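Working notes, structure below.
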Amino acid sequence: MITLTSSDGETFKVDEVVAVKMQTIEHMMEDGCAETAIPVPNVTGKILAKAIDFIKKHVETTKKEELRAWDADFIKVDQATLYDLLMAANYLDIKGLLDLTCQRVADMIKGKSVEEIREIFNIENDFTPEEEKEIRKANQWAFE
Amino acid sequence: MTGNMRLKEDEEEEEEEGASPIIYGDVLELILSHVPLVDLAHACLVSDTWKHAVSSSLFHLNKLRPWLVVHTQTTRSPYLTSTHAYDPRSRLWLHVDKPPLRHVSPLRSSHSSLLYMLSPSKFSFSRDPLHLTWHHAQPPLVWRTDPIVAAVGSRIVIAGGSCDFEDDPLAVEVYDVESRSWDSCQSMPANLKDSAASTWLSIAVNGRRMFVMEKNTGETYSFDPSTKIWNGPYELHPDPAVFFSAISFAGDRMILVGLIGDAENVKNVKLWKVDEETMECEKVGEMPQLLLEKLKNENSNLASIGVTMQGDFIYIHNTSGSGALLCCEFKIHDEIEWSIIENVIIISDKTRMGRLVFTCSDVGIHDVHKALSSDNRRFLYSP
């Protein structure tokens, strides 16, 4: 069993077969640093719990259809949780979860106009006024 | 791993609960690798940071891949056309919604992204990836119903396909795109007399030459439109068991796809790379049996296949209109990866209405921008 401690002090005991799916943790296990509890400073208990749930489900189930349906349900979370899960998957290097969360965020971009994308993702328009003018002139369709 | 998010700092206003964090760096590029090309065209206009992230993501994580464009056309006037495209980078189908072409006649293509229409009054062609620009020219002197047409460099070669008894069945004419003029030249070799039409001949084209091969025998000739000279014959028959083959260029490679066995019982489909200078064939791949079954569909008859190639991609379809659409990609060390294209239902439905014409293009963000800037053009995701 491997023990993980979240940023807000929650501890999680996971089987090795689950822990190795977090590449970051697996490397630590290989380096012999997994004897005591491993701190996961960037991830809260709430998110770490979800990430562990994801891995457990994918370890237990092999049926693609069932996993697909479960993933679709699993990822129905608010934007903040989605980002937190994405960051956790990135930091802990959990490939399946990273793909799922990135795809979900990518789906938020699909079909959106430039202004809509800026709004959803809180993007600062860092084009110079001249650049912005050029872009709007060349691509009127994007701003309608 | 570098931190890739920070909360937006509001100096004057109070911090919003659940303000969405700003995504940048590795994570942004990873997300963008999941975004289809037609949406990346919007994403790169959002900010300078995103513009660079899109470029970087395309270069490092998920590069552009050539689209397979399927044009379906009804067989009678006004020859209504609808266009669907498959983007293998994102594995999805798009319906390309665009204004109808004016003065339409049957659409044809003989290689890669070339699309053309030939009528008694006009010869029209388009070579750009999304066929936004059409070049209209006088028709060739000889009226042809089923010629081979090839865009070689800045010239278009039209050969064979004549149906009038008075015309030379082997007549060749070359159109110079820059000077907008036709020139007649040396006829096709006499050996091709009985098969001088696109029904019987497969062509492979690169920037300098056109290679013409009889699909059933593998007898091949090459034509250089700048010297107007035919060379050959060459025998492209790498395996005596091949009863049908097609050639085309995938990037710099001339590839021959051969059906082995006979039409009622095709045993294999193999791929050879042909050396342009020596015309020798080297086997580079073989279709997995499972995919061959899908290509045949329920019908065990597979008399001929159509191939469309661009860059590292080869698309193969059953010319009867049924069966699966297959794709193979040259990967590192020229290893071939085979796959089947999903959700071809859209296409199968259309087949009943008319003809299918396949083209293959390298579509980039610039092309998508141009298309969207053109009148009423849209890309819609097919469900």
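The values are calculated or read from the model by the stated rules, or taken from the named source; none is laboratory data. As the structure is a prediction and not an experimental result, all values here were calculated from the model. Cβ atoms come from the backbone with ideal geometry, glycine included; neighbour counts cover every protein chain shown. Surface accessibility is based on the protein's heavy atoms, side chains included, excluding ligands, DNA and RNA. Shrake-Rupley method; radii C 1.70, N 1.55, O 1.52, S 1.80 Å.
Some points to look at:
- Scanning segment A:27-40 for residues that are free of Cβ contacts under 8 Å to residues at least 40 places away in the same chain and open to solvent by less than 80 Å² (accessible area, probe 1.4 Å) yields A:28, A:29, A:32, A:33, A:34, A:37, A:38.
- When residues of segment B:91-111 are limited to those that are open to solvent by 30 Å² or more (accessible area, probe 1.4 Å) and hydroxyl-bearing (Ser, Thr, Tyr), the one modelled with the lowest pLDDT: B:110
- Scope segment A:84-130; condition closer than 25 Å to residue A:28 by Cβ and open to solvent by less than 10 Å² (accessible area, probe 1.4 Å); matching residues: A:85, A:86, A:88, A:89, A:92, A:94, A:97, A:101, A:102
- Residue satisfying condition, being under 19 Å from residue B:23 (Cβ atoms), more than 10 Å from chain B (Cβ to nearest Cβ) and surrounded by fewer than 19 Cβ atoms within 10 Å (Cβ to Cβ), within set A:77, A:59: A:77
- Residue ID - farthest from the other protein chains (Cβ to nearest Cβ), chosen from residues in segment B:27-46 that are within 16 Å of residue A:85 (Cβ to Cβ) and open to solvent by 10 Å² or more (accessible area, probe 1.4 Å): B:30
- Any hit, segment B:61-79, residues being modelled with pLDDT of 90 or more and among the small types (Gly, Ala, Ser): no
- Checking every residue in segment B:184-200 against the condition of being closer than 30 Å to residue B:363 by Cβ and open to solvent by 10 Å² or more (accessible area, probe 1.4 Å) gives at least one match.
- Among residues of segment B:213-229, those that are modelled with pLDDT of 95 or more and among the hydrophobic types (A, V, I, L, M, F, W, C), counted: 2
- Selection within segment B:54-88: residues that are open to solvent by 10 Å² or more (accessible area, probe 1.4 Å) and of a type in the set (A, V, I, L, M). The member of this set that is nearest to the other protein chains (Cβ to nearest Cβ) is B:61.
- Annotation note: of B:329, B:293, the sole residue that is among the acidic types (Asp, Glu) and touching a residue at least 60 places away in the same chain (Cβ under 8 Å) is B:329.
- Options B:343, B:268: the member that is over 24 Å from residue B:206 (Cα atoms) and in contact with a helix residue (DSSP H, G or I) (Cβ under 9 Å, 6 or more places away or on another chain): B:268
- Total residues in segment A:117-135, condition of a type in the set (D, E, K, R) and more than 9 Å from chain B (Cβ to nearest Cβ): 5
- Residue in segment B:127-137 that is open to solvent by 40 Å² or more (accessible area, probe 1.4 Å), among the hydroxyl-bearing types (Ser, Thr, Tyr) and in contact (Cβ under 8 Å) with a residue 40 or more places away in the chain present: no
- Complete set of residues in segment A:131-144 that are surrounded by 15 or more Cβ atoms within 10 Å (Cβ to Cβ) and under 13 Å from residue B:44 (Cα atoms): A:132, A:135, A:139, A:142
- The residue list B:261, B:251 contains one member that is open to solvent by less than 70 Å² (accessible area, probe 1.4 Å) and touching a Lys or Arg at 6+ places or on another chain (Cβ under 7 Å), which is B:261.
- Among the candidates A:93, A:53, the residue that is away from chain B (no Cβ under 13 Å) and either out of contact with any helix residue (DSSP H, G or I) (no Cβ under 7 Å at 6 or more places or on another chain) or of a type outside the set (A, V, I, L, M) (or both) is uniquely A:53.
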